[in-house]
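The values are calculated or read from the model by the stated rules, or taken from the named source; none is laboratory data. All values derive from a computational prediction rather than experimental measurement. Backbone-built Cβ (ideal geometry, glycine too); neighbour counts: all protein chains shown.
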Amino acid sequence: MGERLGGGRLVGENFVKAKVAFSTLGCPEASLQEILDIAATYGVQGLELRSMAGQIVHAGLSSEERGWIRRRINEAGLHVVCVATYVRVGDPGLSDDHVLGELEAQMLLARDLGAAGVRVFPGGAGTDSDARIARRLAAAALSAPDIRIWLETHDSHPRGTDIRRVMTLLDEICPGHGVQVIWDVLHPAAAGERPATTFEAIGPWFGYAQLKDANFDGQLRLLGQGDIPLHEILILLEDRTEWLSLEWERPWHPELPELAVALAGMRQWFEKLTGP
């Protein structure tokens, strides 16, 4: 098994105590065994399981299939960080019942797989959708309080300050809701928001971080080879996050190398930060 990444590595004068995961987005054609082998090779401790038709995980799985996947992952010593859904909570073209039904199915899948919760996208249309997103999140959180919901910095709400509007409303209408935020580090940076501003905005609800790197022109790069201030982000996080997850967007960018190359690059980047 590969050397474990994360877990108290020194970053400058700060310790990041997070464990390392990757999203199965980066290996869409891989079998479960191939995913487990990749995790073992690169010392990864967790998985974000992409939930989508045609992938190893989706809401149409039978109870037997769900149990088998859960057992295999547990036997490999891995954690299911989240079920990464494509539910757009604020979608103005869908009714509350439709969105909540879709989300309920994904939350049940997460429970069956032993995941802590589900990832969702804002999927709205700017500030006009804030109340809609908050209302739907409140209903979903109340329906299954044992399953975490993570709202990602993404699409209509890429910045931390965008997400803060929704979360502030959610606090008002559903105190103690338990919804948290995934900091996808690419989207706030691409929107021109500095890491310190992002983290200050989402801090009260911060869950964990998804790592990726890119040039200012949007070209995705291996970690540490782009323009996103990742070192600054890690210093901000210190011991605030349990997970750092590599989200390698190869399906959307087929020119990128395979996930294994990205994980090797992540290891090299960590080693460069921590020194000999």
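Points to keep in mind about this one:
- Filter result for Ala191 (among the aliphatic types (A, V, I, L, M), touching a Pro at 6+ places or on another chain (Cβ under 6 Å) and within 24 Å of Trp269 (Cβ to Cβ)): yes
- Residue within region 189-198 that is touching a helix residue (DSSP H, G or I) at 6+ places or on another chain (Cβ under 9 Å), over 30 Å from Glu255 (Cα atoms) and surrounded by fewer than 24 Cβ atoms within 10 Å (Cβ to Cβ) present: yes
Okay, residues lined up against (1) under 22 Å from Ile147 (Cα atoms); (2) modelled with pLDDT under 95; (3) more than 21 Å from the chain's Cα centre (by Cα); (4) of a type in the set (Ser, Thr, Tyr):
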{"residue": "Glu3", "(1), (2), (3), (4)": "no, yes, yes, no"}
{"residue": "Ser31", "(1), (2), (3), (4)": "no, no, no, yes"}
{"residue": "Ser63", "(1), (2), (3), (4)": "yes, no, yes, yes"}
{"residue": "Gly67", "(1), (2), (3), (4)": "yes, no, yes, no"}
{"residue": "Cys82", "(1), (2), (3), (4)": "yes, no, no, no"}
{"residue": "Arg88", "(1), (2), (3), (4)": "yes, no, no, no"}
{"residue": "Gly93", "(1), (2), (3), (4)": "no, no, yes, no"}
{"residue": "Leu113", "(1), (2), (3), (4)": "yes, no, no, no"}
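- In region 104-144, the qualifying residues are those that are polar (S, T, N, Q) and within 30 Å of Asn74 (Cα to Cα), and the one that is surrounded by the fewest Cβ atoms within 10 Å (Cβ to Cβ) is Ser143.
- Considering residues of region 40-84 that are more than 18 Å from Trp243 (Cα to Cα) and of a type in the set (Val, Ile, Thr) only, the residue surrounded by the fewest Cβ atoms within 10 Å (Cβ to Cβ): Thr41
- Enumeration of residues in region 181-212 that are touching a strand residue (DSSP E or B) at 6+ places or on another chain (Cβ under 8 Å), not in a strand (DSSP E or B) and not aliphatic (A, V, I, L, M): His187, Thr198, Phe199, Trp205, Lys212
- Residue in region 207-220 that is touching a Phe, Trp or Tyr at 6+ places or on another chain (Cβ under 6 Å), touching a residue at least 60 places away in the same chain (Cβ under 8 Å), buried (at least 17 other Cβ atoms within 10 Å of the Cβ) and hydroxyl-bearing (Ser, Thr, Tyr) present: yes
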